[in-house]
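K.L.:
Have a look at the structure that comes next, please.
The values are calculated or read from the model by the stated rules, or taken from the named source; none is laboratory data. This one's a predicted model, so the numbers in the text were calculated from it and none came from an experiment. Glycine gets a Cβ as well: all are built from the backbone with ideal geometry, and neighbour counts include every protein chain shown.
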Number of protein chains: 4
Amino acid sequence: MRRSSTVTGTEVMYARDRACQALGIQLVDVVPGRACLRMRVTDAMVNGHGIAHGGYLFLLADAAFAYASNAYGPVTLAQSAQIEFLRPAAVDDRLVAEAVERTRRGLTGIYDVTICQSTGEVVAEFRGHSVVLPRARAGGDLMEG
Amino acid sequence: MRRSSTVTGTEVMYARDRACQALGIQLVDVVPGRACLRMRVTDAMVNGHGIAHGGYLFLLADAAFAYASNAYGPVTLAQSAQIEFLRPAAVDDRLVAEAVERTRRGLTGIYDVTICQSTGEVVAEFRGHSVVLPRARAGGDLMEG
Amino acid sequence: MRRSSTVTGTEVMYARDRACQALGIQLVDVVPGRACLRMRVTDAMVNGHGIAHGGYLFLLADAAFAYASNAYGPVTLAQSAQIEFLRPAAVDDRLVAEAVERTRRGLTGIYDVTICQSTGEVVAEFRGHSVVLPRARAGGDLMEG
Amino acid sequence: MRRSSTVTGTEVMYARDRACQALGIQLVDVVPGRACLRMRVTDAMVNGHGIAHGGYLFLLADAAFAYASNAYGPVTLAQSAQIEFLRPAAVDDRLVAEAVERTRRGLTGIYDVTICQSTGEVVAEFRGHSVVLPRARAGGDLMEG
């Protein structure tokens with residue numbers, strides 16, 4: 001990942017992100033409004049049809065969306081998201097998720113994420129809607145609200 | 001889970017479903033067009049904001065949708081889905097996902113899934129669109145297509 | 001439509017609603033959280049394929065959503081919506097849209113709308129996300145913001 | 001609109017498209033996978049809150065999506081769509097809808113449509129999912145199915 005000489009908000013966020021770490025999701029590149037993440041499909045991600053569980057494809061896209069939208073600084077959460085599954089993925093596939101901000105207005109934003117195979121074949125298309133958390137709540141415990 | 005004297009398609013599907021098993025997702029009830037699943041939020045499901053990763057909430061809802069739509073028999077896949085995140089969930093929360101078929105026509109269907117806390121508070125609302133796989137492809141390898 | 005002896009907010013809203021009036025959309029029943037509206041497909045609603053334009057199906061569903069969500073009193077707007085087109089509709093079809101609130105939290109809500117033929121066949125399924133307008137903006141001009 | 005010396009499928013489609021004609025929607029540019037349409041908000045498009053009805057914003061986006069996806073030739077229908085309303089629009093606003101194909105696979109496609117004011121301010125973001133009609137049904141009456 002691109003690095004600067006100081007610890008960034010992205011690095012702090014990733015250090016706390018047990019979900020992404022446990023799944024071996026790597027940050028390839030994160031800048032405000034854009035993020036590229038990588039994930040290898042493991043045995044533990046397979047569903048009852050023998051293919052990668054759609055939940056893990058969603059998680060990868062959602063994570064790319066989260067890093068792109070939080071890279072501006074303020075705590076930003078997903079309000080809602082849509083995903084279209086275009087092709088199945090298999091164990092050992094190396095997936096790449098590219099998140100790009102489509103628009104921002106006030107506290108809300110829209111991000112498009114494409115999940116591809118390393119060959120470039122599109123596996124899924126995702127669109128997420130973000131909202132910046134008001135400062136009072138961001139400073140406290142997210143679970144209080 | 002409700003059981004009959006013979007091994008059902010649902011049981012075969014769950015036996016192969018490494019994702020749900022690895023996450024401790026339990027089938028509470030599955031009948032054609034409806035499913036109820038349970039999941040405890042674990043440490044490994046927490047994101048960089050200290051709350052349950054939206055990807056795991058999606059995965060739970062998507063799994064309920066998959067069991068409800070596959071309980072008719074033919075192999076059925078998710079084409080697309082939407083999720084709205086209403087409240088954050090925390091480590092140790094016991095979540096319940098209830099999937100209900102809204103409509104079916106030909107090979108496609110729409111399923112609504114609500115994720116609640118055990119107290120009944122709604123955490124997320126999900127809508128999934130399913131498609132039955134043509135028999136030729138279902139008999140072979142899903143990854144060939 | 002159900003009537004009380006005084007002019008309701010719903011009646012005031014409908015009196016100003018030139019879009020619904022011009023299209024002959026009728027309010028069958030409106031109470032907080034629920035609404036039933038009717039629309040006949042006219043020649044002017046037909047698209048280049050000779051069937052009812054999806055935009056008019058959406059408009060009918062969106063109107064049912066608006067009446068259901070505004071019947072509580074405060075000015076409520078649509079943030080976003082999804083629609084699934086299940087069957088085409090033709091000129092002279094009498095369509096019925098039933099909106100039902102699925103959940104509300106704070107200023108936001110989720111409404112499900114089903115559009116049916118008078119025979120009960122489902123034409124489209126819609127889900128809308130509402131937000132109550134803060135009082136300051138509701139009192140002024142919506143176009144200022 | 002860009003013209004060639006022969007009557008195109010797009011022109012035939014527009015000639016039959018009473019909905020777009022009645023609303024004064026203009027085709028600015030249509031090529032396979034892309035379309036740009038224009039619409040002026042009229043008095044008859046205003047809802048009970050005094051702003052452009054979301055249904056007409058959707059209709060404009062859906063029409064742009066339809067022209068972009070049908071410009072390849074085969075009859076193509078919308079399966080489903082999502083819209084996010086970002087800013088209200090008022091009477092006399094000149095709106096522009098730009099549809100761009102995001103991905104296609106087999107008979108299905110995803111199109112992104114942005115609706116802007118003539119000043120460039122984004123009013124709404126739309127995503128539509130298309131499906132090509134099998135030839136047998138396209139040759140007959142769409143209403144038979």
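K.L.:
Answer yes or no as to whether residue A:98 is under 21 Å from residue C:82 (Cα atoms), in contact with a Ser or Thr (Cβ under 6 Å, 6 or more places away or on another chain) and not aliphatic (A, V, I, L, M).
P.N.:
Judged against the criteria, residue A:98 is not a match.
K.L.:
With C:20, C:36 as the choices, which residue is within 16 Å of residue D:55 (Cα to Cα) and under 14 Å from the mean Cα position of the chain (by Cα)?
P.N.:
C:20
K.L.:
Among the helices (runs of 4 or more DSSP H) contained in the range D:1-72, which hold 1 or more residues that are over 27 Å from residue C:82 (Cβ atoms), in contact (Cβ under 8 Å) with a residue 60 or more places away in the chain and β-branched (Val, Ile, Thr)?
P.N.:
D:9-16
K.L.:
Within the range B:73-102, which residues are more than 7 Å from chain A (Cβ to nearest Cβ), in contact (Cβ under 8 Å) with a residue 60 or more places away in the chain and not in a strand (DSSP E or B)?
P.N.:
B:73, B:74
K.L.:
Quick one: count up the residues across the range B:16-60 that are at the interface with chain A (Cβ under 8 Å from one of its Cβ atoms) and either within 15 Å of residue A:47 (Cβ to Cβ) or not aliphatic (A, V, I, L, M) (or both).
P.N.:
Our first condition is that a residue be at the interface with chain A (Cβ under 8 Å from one of its Cβ atoms); within the range B:16-60, this holds for B:16-20, B:22, B:43-51, B:53-56, B:58-60.
Keeping just the survivors that are either within 15 Å of residue A:47 (Cβ to Cβ) or not aliphatic (A, V, I, L, M) (or both) gives B:16-20, B:22, B:43, B:47-50, B:53-56, B:58-60.
The qualifying residues number 18.
K.L.:
Out of A:35, A:52, A:19, which single residue is in contact with a Pro (Cβ under 9 Å, 6 or more places away or on another chain) and crowded, with 22+ Cβ neighbours inside 10 Å?
P.N.:
On the way: A:35 fails: in contact with a Pro (Cβ under 9 Å, 6 or more places away or on another chain); A:19 fails: in contact with a Pro (Cβ under 9 Å, 6 or more places away or on another chain).
When all the criteria are applied, what remains is A:52.
K.L.:
Within the range D:104-112, identify whether any single residue is more than 11 Å from every other protein chain (Cβ to nearest Cβ) and at pLDDT below 95, and answer yes or no.
P.N.:
Yes, the range D:104-112 has at least one match.
K.L.:
Being touching a strand residue (DSSP E or B) at 6+ places or on another chain (Cβ under 6 Å) and more than 8 Å from chain B (Cβ to nearest Cβ) is the filter here, so list the residues in the range A:62-72 that pass it.
P.N.:
A:64, A:65, A:67, A:68, A:69, A:71
K.L.:
Might you check whether a residue that is modelled with pLDDT under 95 and either of a type in the set (Lys, Arg) or on the phi < 0 side of the Ramachandran plot (or both) occurs anywhere in the range C:89-103?
P.N.:
Within the range C:89-103, not a single residue is modelled with pLDDT under 95 and either of a type in the set (Lys, Arg) or on the phi < 0 side of the Ramachandran plot (or both).
K.L.:
Going by the conditions given, is residue C:18 among the charged types (D, E, K, R) and at pLDDT below 95?
P.N.:
In short, no.
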